[in-house]
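Step one of this worksheet: look at the structure below.
The values are calculated or read from the model by the stated rules, or taken from the named source; none is laboratory data. As the structure is a prediction and not an experimental result, all values here were calculated from the model. Note that we place each Cβ from the backbone using ideal geometry, even for glycine, and neighbour counts take in every protein chain shown. Protein only, heavy atoms only, side chains kept; ligands, DNA and RNA dropped before computing areas. Shrake-Rupley method; radii C 1.70, N 1.55, O 1.52, S 1.80 Å.
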Amino acid sequence: NDQDNDCNICGYIREVKIPVSENDPQIIVESTKALAGETVTVTVSIKNNPGFSYLRMNPIYDSKYLTLVSAENGTVSTDNFGWYTLNVTWDTGKDATEDGTLFTITFQIAEDAPAGDYTVGFTLRECYNIDEDDVAFTVVSGNVSVLDYVYGDVNGDGLINGKDVVRLRKYLDNYNDATGASSIEIFNGADANGDGIVNGKDLIRLRKYLDNYDDTTGTSTVILGVN
């Protein structure tokens, strides 16, 4: 029906977005970004929780390029949390009614994963409250966006160094707000903080990264991209 995207017989998942009201009980999968070969942790949260005592879901993801590594229970109070390759389960002696982080799930992205969006979602199989009544949640899927660039690589040479600071400053100094463009060329990595916008915040983040860069370890205490 219009509240179900997957076939219980053959397993086919249709590409239809289920309408979601702001007030509906929801299980929401965070969208995040990472590079091929990295591990990425996705937060799954619960909103407008009417209360549940037992919950079982099946994860849906592209197993060719994403490998499920681990899962950790969140802040929503439950007595027992179980993570298996095919199922994630919770149960508690009383209804868990909190909103917040239901759990986090970590994937290893394949080294050869093409750049693009990989959907992460769940099929809700069972959910009951302490009175054994059915509880309905709408599951809102998210994406792991695999990038083909390095955050902070403004000039596209594959390195992060002072040249990127110089290029980004030139870009911003020559940015025309009327046209939404600059006469200076930059690459996708210019979005140093991963918020989808290239502006002064990216210059600040990049400078912090380089100021705190340790040449002996090849790392910085400041993280580029989405924190």
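Values for this structure:
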| read-out | value |
| --- | --- |
| Hits in the stretch 118-134 (condition: open to solvent by 20 Å² or more (accessible area, probe 1.4 Å), more than 15 Å from Thr67 (Cα to Cα) and not aromatic (Phe, Trp, Tyr)) | Leu124, Arg125, Glu126, Asn129, Ile130, Asp131, Glu132, Asp133, Asp134 |
| Enumerated strands (runs of 3 or more DSSP E) restricted to the stretch 42-105, each holding at least 1 residues that are free of Cβ contacts under 8 Å to residues at least 60 places away in the same chain | 66-73, 80-83, 88-96 |
| Output for the stretch 16-41, where each listed residue is assigned to a loop (DSSP other than H, G, I, E, B) and of a type in the set (A, V, I, L, M) | Val16, Ile18, Val20, Ala36 |
| Matching option when the condition is open to solvent by less than 60 Å² (accessible area, probe 1.4 Å) and under 28 Å from Asp153 (Cβ atoms), among Thr92, Thr106, Thr138 | Thr106 |
| Matching residues in the stretch 96-134 - criterion: being closer than 30 Å to Tyr149 by Cα and of a type in the set (A, V, I, L, M, F, W, C) | Phe103, Ile105, Phe107, Ile109, Ala110, Ala113, Ala115, Val120, Phe122 |
| The stretch 177-194: number of residues that are open to solvent by less than 70 Å² (accessible area, probe 1.4 Å), more than 23 Å from Thr32 (Cβ to Cβ) and not hydrophobic (A, V, I, L, M, F, W, C) | 2 |
| Identity of the residue in the stretch 195-227, surrounded by fewer than 10 Cβ atoms within 10 Å (Cβ to Cβ) and under 18 Å from Ala34 (Cβ atoms), that ends up modelled with the lowest pLDDT | Asn227 |
| Flag if Val150 is within 16 Å of the chain's Cα centre (by Cα) and surrounded by 16 or more Cβ atoms within 10 Å (Cβ to Cβ) | no |
